Amino acid sequence: MASDLTLYVDSSWMSPWVFHAMVALEEKQLPFKLVATPLPIPEPLKSELKDKAMLGKVPLLAHGDLWFTESLAISEYLAEKFPMPKHPRIFPADLGERARARQVMSWLRTSLAALRNDRPTSSVFGRPTVHPMTEKGKEDAAELLRVAGKLVAPGKTQMFADWSIADIDLSLALMRMIASQDHVPEHLITYALAQWDRRSVKRYLAHVPTTP
């Protein structure tokens, strides 16, 4: 039952992976409960999460007796457990596009470390970062713009024939630069802001504490 879904998140609302998981649930139009915990996770809860999900971290999705972590595992599970036509699609219908979406999401999780350090997620969800990027950060930024430019053509507001959860991850990467007023081509700004205008994203942002 979809009503058995519970998403454990961190109470700062600054995690890009919590963002991914919650948007996936919202895009699937599934009812779910939220449990917000401070970081570091209090030891009693962390022990419980380790016992039930093997890893004591967030985001964590509990669906009945099944508990597991990792944002990509969560969105993949939701895509297969709650498929079309009853629930909206969150991965591309085309096999090649699905492979590309997974490639992009994996790359964004394992690369661009200097850019993530120079322009942390808090600069998107909280106060924008104003200090200049490091040289390595600039290299990562150039690589992000190169890849994004190949994936998103001018005039497009999604990477593939249909919207996918990969658009959320790529748009967040771009928003790291956009929020700090770094140079980003206009069509990529338009693309990222189109993602930020989605109802699922707005519902997540409603939880983010207001920056004084």
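The values are calculated or read from the model by the stated rules, or taken from the named source; none is laboratory data. Since this is a predicted model, take the numbers as computed values, not measurements. Cβ sites come from the backbone with ideal geometry, for glycine too, and all protein chains shown count toward neighbours.
Below, the figures for the structure above:
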quantity	calculated
Top-ranked residue of segment 178-209 - restricted to ones that are in contact (Cβ under 8 Å) with a residue 60 or more places away in the chain and in a helix (DSSP H, G or I), ranked as farthest from the chain's Cα centre (by Cα)	Ala179
Filtered residue count, segment 1-43, keeping only those that are at pLDDT 95 or above, under 23 Å from Pro83 (Cα atoms) and either in a helix (DSSP H, G or I) or touching a Ser or Thr at 6+ places or on another chain (Cβ under 8 Å) (or both)	16
Close pairs (6 angstrom Cβ cut-off, 6 or more residues apart or separate chains): under 20 Å from Asp10 (Cβ atoms) in segment 109-122, assigned to a loop (DSSP other than H, G, I, E, B) anywhere	Arg119/Thr129; Arg119/Ser180; Thr121/Met14; Ser122/Met14
Those helices (runs of 4 or more DSSP H) lying entirely in segment 60-172 with at least 3 residues assigned by TED's automatic domain parsing to the domain that holds Ala192 and not charged (D, E, K, R)	95-110, 113-118, 122-125, 135-151
Odd one out for Arg109, checked against (1) buried (at least 18 other Cβ atoms within 10 Å of the Cβ); (2) of a type outside the set (S, T, N, Q); (3) within 26 Å of Val208 (Cα to Cα)	(1)
Residue count, segment 121-180 (criterion: closer than 22 Å to Ser200 by Cα and among the β-branched types (Val, Ile, Thr))	7
Conditions (1) in contact (Cβ under 8 Å) with a residue 24 or more places away in the chain; (2) under 17 Å from Trp163 (Cα atoms): number failed by Gly96	(1)
Unmet criterion (only one of (1) buried (at least 20 other Cβ atoms within 10 Å of the Cβ); (2) in contact with a Leu (Cβ under 9 Å, 6 or more places away or on another chain)) for Phe68	(1)
Enumeration of residues in segment 92-112 that are more than 24 Å from Tyr204 (Cβ to Cβ) and of a type in the set (A, V, I, L, M, F, W, C)	Ala93, Leu95, Ala99
